Every structure is written in structure tokens, then in C-alpha cells.
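> Quick one: the structure is below, and I'll ask about it shortly.
The values are calculated or read from the model by the stated rules, or taken from the named source; none is laboratory data. As the structure is a prediction and not an experimental result, all values here were calculated from the model. Please note: Cβ atoms are built from the backbone with ideal geometry, for glycine as well, and neighbour counts cover all protein chains shown.
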Amino acid sequence: MKRLLLVPHGQTSWNAEGRVQGHTDVVMNELGQAQARALARSLAQEKIGAIISSDLQRAWETASIIGEQVGVAVSPDPRLREIHFGDWEGLTSQEIAVQDPPGWERWEKGIITSPPRGESLTSLAARLAESLAEIANLALAQDDGRAVMVVAHRGSLRVLVCLALGLDPGLMHRFRLEQTSVTELFLSASGTGFPARPSTDGLGSPSHFGAVLNRLNDTHHLREVAHAR
């Protein structure tokens, strides 16, 4: 049984203010760093063979804190970045609702459309599917029970879970991922022993592996972090 661990970055000042980040390179705040350290301590005895991270600073710093704890170097992958929110970046939901009422209303209803000068869900899913295919190969090659960890963003990781399970990426709004939570997938080559994955034609979802969701949004390590969000 091969394991893939998915971790969203720690909190930033924009998270605390409810501002949309996307590709804007916002760094973690003090609470975010404490969240990352708490997660790293909880992983001290974990066997991790590789850590792949979005290249944005908030994810990279989270991954680096974990990597230092478990003794694993971090590799960057820009394809793991959050969706590009275009003109919405830096705005709160209230500000977006004023500036782009139809667009925000669709987003709130789970109808994912491209923000003005932003990225489409199809584009996001395509680049994540490319990354996932390589990450799955890396995970399947691990031995001694070592897991592969991916550190990225709550939105991009929810889409990644959908792709791994053969679900429509538009279902990303049906579940939550908290900052520095842990989500775990079990992988098997060619889906051996796992139910057949539904087709995701047009999104480039890899088909050479099967995946089962074992843990979702595990935040038990954050009990020691005051006011964790």
C-alpha cells in the first residue's frame, strides 16, 4: 500500500483577513508558522520519502519546516499553485461581491467560472493532473512504507483529491481542507485491488493508478496551537 499525504500551507495575513490569494505570493504569518511547526512535530516519527511543494512562499515555507523535521529535502513544482484568481486577488468576498456580483454569486453556488483575467477550472485541473501523474509514480516507487507528501493550497489540493479519485473537479466545494491539515490517499498501481475510477476525459487525469481516501482534513496536531483556524 503506497501513501500520499496532502498538506495545505499555514495561515497568512490574507487568510486571516479573508482575502483571496491565488498566485499572489503572500508569506505565512506567526500563526501559520506555529501551525507548520506543530504539524512537523507530529510527523517526527513518520516515514516520508519525498516532499513536493508549490513554489509560492507560503507553501514552500510550510514544506521546508516539515522537511527539516523529517530530514527530507523539498522539491518545487509550480503546477501545484493555487488557481489564479485574476482581478479577485487581494479582495475579500464582500469586495468581490460588490465589484463582480454575478461572478461571485456563481462561485458561492459552486459554479466555478474563471474570475476576470483569471484561470479556469479546466486549466487548473489540467496542470494538476500532469503533476499528479508524476507524483503518483514517485509514490508508487517508494519502499519501506515511506510516503510522499505534497504541500500546496486548499483549493488546488481539493482539485487534486478529485482527480486522484476520478471525480469531477467541480466537486471540490463539497469538502473542506483546513490549513496544515493532513489528507491521506492510498495508491495502487493500475488500480489493483481498488474500485474502477470514473473517467475524467478532457482533464488529463492519470489512469495508471487507483486511489482510496484514507484520511481527510486531519487537524489533531493543531490542538496545541492557540486559536488555530
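> Listed residues PHE209, PHE186; which is surrounded by 15 or more Cβ atoms within 10 Å (Cβ to Cβ), at negative phi, modelled with pLDDT of 95 or more and of a type in the set (Phe, Trp, Tyr)?
Details: PHE209 fails: modelled with pLDDT of 95 or more.
It is PHE186.
> If you don't mind, there's one more thing I want to ask. May I ask you to list the residues in the stretch 1-49 that are surrounded by fewer than 23 Cβ atoms within 10 Å (Cβ to Cβ), part of a helix (DSSP H, G or I) and of a type in the set (A, V, I, L, M)?
Result: ALA16, LEU31, ALA34, ALA38, ALA40.
> Can you give me the number of residues within the stretch 212-229 that are farther than 21 Å from LEU138 by Cβ, at pLDDT 95 or above and among the charged types (D, E, K, R)?
Number satisfying all stated conditions: 1.
> State all residues of the stretch 50-67 that are among the polar types (S, T, N, Q) and either surrounded by 19 or more Cβ atoms within 10 Å (Cβ to Cβ) or out of contact with any strand residue (DSSP E or B) (no Cβ under 6 Å at 6 or more places or on another chain) (or both); if no residue qualifies, say none.
First, the residues of the stretch 50-67 that are among the polar types (S, T, N, Q): 53-54, 57, 62, 64.
Hits for the stretch 50-67 are SER53, SER54, GLN57, THR62.
> Kindly list the number of the only condition in (1) under 20 Å from the mean Cα position of the chain (by Cα); (2) on the phi > 0 side of the Ramachandran plot; (3) free of Cβ contacts under 8 Å to residues at least 40 places away in the same chain that fails for GLY71.
Here GLY71 clears every test but (1).
> Another question, then. Where in the stretch 74-175 are there helices (runs of 4 or more DSSP H), lying fully within it, with 3 or more residues that are surrounded by fewer than 14 Cβ atoms within 10 Å (Cβ to Cβ), modelled with pLDDT of 95 or more and over 16 Å from the mean Cα position of the chain (by Cα)?
Numbers: elements: 93-99, 101-108, 121-140, 154-164.
Helices (runs of 4 or more DSSP H) meeting the threshold: none at all.
> Next up: Restricting attention to the stretch 119-138, does a residue exist that is over 20 Å from SER75 (Cα atoms), of a type outside the set (Phe, Trp, Tyr) and in contact with an Asp or Glu (Cβ under 8 Å, 6 or more places away or on another chain)?
no
> Another one. Against the condition more than 25 Å from GLU46 (Cα to Cα) and in contact (Cβ under 8 Å) with a residue 40 or more places away in the chain, how does PHE186 come out, does it pass? Lay out the reasoning, then the answer.
Working: more than 25 Å from GLU46 (Cα to Cα): no; in contact (Cβ under 8 Å) with a residue 40 or more places away in the chain: yes.
Taking the combined requirement at face value, the residue does not satisfy it.
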